[in-house]
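The structure under discussion appears below in the form of structure tokens.
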Amino acid sequence: MPRQPVLEVRDLEVTFASERGVARVVDGVSFDLAPGRTLGLVGESGCGKSLTALALLGLVPPPGQIAGGTVRLDGRDLLALTEAERDAVRGRRIAMIFQEPMTALNPVFTVGDQIAEVLRVHGGVPRRQALETAVAMMGRVGIADPQARADAFPHQLSGGMRQRVMIAMAMICRPDVLIADEPTTALDVTVQAQILDLMLGMQAEFGTAILFISHDLGVVSEVADDVMVMYAGRIVEHSPATSLFSAPLHPYTLGLLQALPRVDRHLGRPPAMRGGMPDPCALPRGCRYSDRCPMAENMCRTREPSLNGAGAGRWVACLKVAP
Ligand SMILES: Nc1ncnc2c1ncn2[C@@H]1O[C@H](COP(=O)(O)OP(=O)(O)O)[C@@H](O)[C@H]1O
Ligand SMILES: [Mg+2]
């Protein structure tokens, strides 16, 4: 029996209005996130992953706006809360880490103070005690000599260390949900593996549900229990990770898989997918992937597929696979 989801997202929509029209850059995204599980969200740059993440927290930057949908945390719709109510949830119940910690860290405060500040704001913990807990947390995320490092400013740390600080900040209130948007993309491969291990270790300990976002299906394959594939603002496949990797249903998922570099492929570069993401103001008619899809037929250029059940807990938006 799957456990009751901690986060239920339904029909989420984000739009940008411009003189060229209204671009629906997140279009009808729905999913459940269960406690202790990792759901991957993957797709090429510009498909709407980050805006999905920001919309969950009510943080879509203007002129973008959330045009519809619900985001329920333990049954309560976050998008219907006041700004103050949402602030209380953010950081304490749902935390987020980004690709570039420098933009999320304040350059003029020490990292110890910044981690402690999260506890002071959300836990009402006195300063001294908050700092002690922050130092202990720095040790737990693998920062050597945390007592001394707590006095460092962000620019004095390496990229990997800064991401560990971000994880300490995110996890210190033991959130139910962690949204990780390209958390390892800026790091080299060795540090990337260490950070992924660290996130999974924290998850095992705290039972956190993780939405793990990456453009890199290879990285997602390392961590996710289930995977959503996004294309031009829509989810085109949602499957358990093992079945998605062994037998992808959507032609776009197959394209992403074939583009992965593999150690057993000796004959030069993997085949690149032809074309690129469509302009959100000028989407192709019918299926949004039809102009790049090697399987597309006439019907694909007139009818837009919806995300249909394909058995075995799998969902796919393709007229040819699940009409
Ligand atoms: N400030 C903005 N103004 C207009 N369109 C935007 C803006 N930010 C993002 N978009 C549009 O939203 C799409 C999705 O962006 P994003 O969620 O950041 O993609 P991803 O994280 O998957 O790379 C982009 O392709 C772009 O067209
Ligand atoms: Mg992004």
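The values are calculated or read from the model by the stated rules, or taken from the named source; none is laboratory data. Because the structure is predicted, anything quoted here is derived from the model rather than measured. Neighbour counts run over all protein chains shown; Cβ positions are idealised from the backbone, glycine included.
When you check Gly124 against the structure, is it in contact with a Leu (Cβ under 8 Å, 6 or more places away or on another chain), more than 16 Å from ligand 2 (Cβ to nearest atom) and over 28 Å from Ala23 (Cα atoms), yes or no?
no
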The number of residues in the stretch 42-64 that are within 10 Å of ligand 2 (Cβ to nearest atom) and not in a loop (DSSP other than H, G, I, E, B) is 6
Which count do you get for residues in the stretch 217-230 that are at pLDDT 95 or above and surrounded by fewer than 18 Cβ atoms within 10 Å (Cβ to Cβ)? 1
Odd one out for Gly276 among (1) within 16 Å of ligand 2 (Cβ to nearest atom); (2) crowded, with 17+ Cβ neighbours inside 10 Å; (3) not polar (S, T, N, Q): (2)
Close pairs from the stretch 49-62: first in contact (Cβ under 8 Å) with a residue 60 or more places away in the chain, partner within 8 Å of ligand 1 (Cβ to nearest atom) and assigned to a loop (DSSP other than H, G, I, E, B), Cβ under 7 Å, at least 6 apart: Lys49/Gly43
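Yes/no matrix, rows are residues, columns are (1) among the β-branched types (Val, Ile, Thr); (2) within 20 Å of Leu33 (Cα to Cα); (3) touching a Pro at 6+ places or on another chain (Cβ under 9 Å); (4) modelled with pLDDT of 95 or more:
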residue	(1), (2), (3), (4)
Ala232	no, no, yes, yes
Ile235	yes, yes, no, yes
His238	no, yes, no, yes
Thr242	yes, yes, no, yes
Leu260	no, no, yes, no
Met273	no, no, no, no
Pro278	no, no, yes, no
When the stretch 54-74 is examined, which residues are found to be within 8 Å of ligand 1 (Cβ to nearest atom) and within 19 Å of Leu7 (Cα to Cα)? Leu54
If we keep only residues of the stretch 101-122 that are under 23 Å from the mean Cα position of the chain (by Cα) and part of a loop (DSSP other than H, G, I, E, B), then the residue surrounded by the fewest Cβ atoms within 10 Å (Cβ to Cβ) is Asn106
Close pairs from the stretch 160-181: first within 16 Å of ligand 1 (Cβ to nearest atom), partner part of a helix (DSSP H, G or I), Cβ under 6 Å, at least 6 apart: Ile179/Ala53; Asp181/Ser50; Asp181/Ala53
Per the filter on the stretch 65-100, residues within 26 Å of Phe206 (Cβ to Cβ), in a strand (DSSP E or B) and not polar (S, T, N, Q) are Val71, Arg72, Leu73, Arg76, Asp77, Arg90, Ile94, Ala95, Met96, Ile97
Scan of the stretch 165-184 for residues that are farther than 19 Å from Gln114 by Cα, more than 16 Å from ligand 2 (Cβ to nearest atom) and within 14 Å of the chain's Cα centre (by Cα), ordered by number: Val177
Limited to the stretch 135-159, what total is found for residues that are crowded, with 19+ Cβ neighbours inside 10 Å and within 22 Å of Gln99 (Cα to Cα)? 8
With respect to Val125, is the statement that it is over 26 Å from Ile213 (Cα atoms), surrounded by fewer than 16 Cβ atoms within 10 Å (Cβ to Cβ) and β-branched (Val, Ile, Thr) true? no
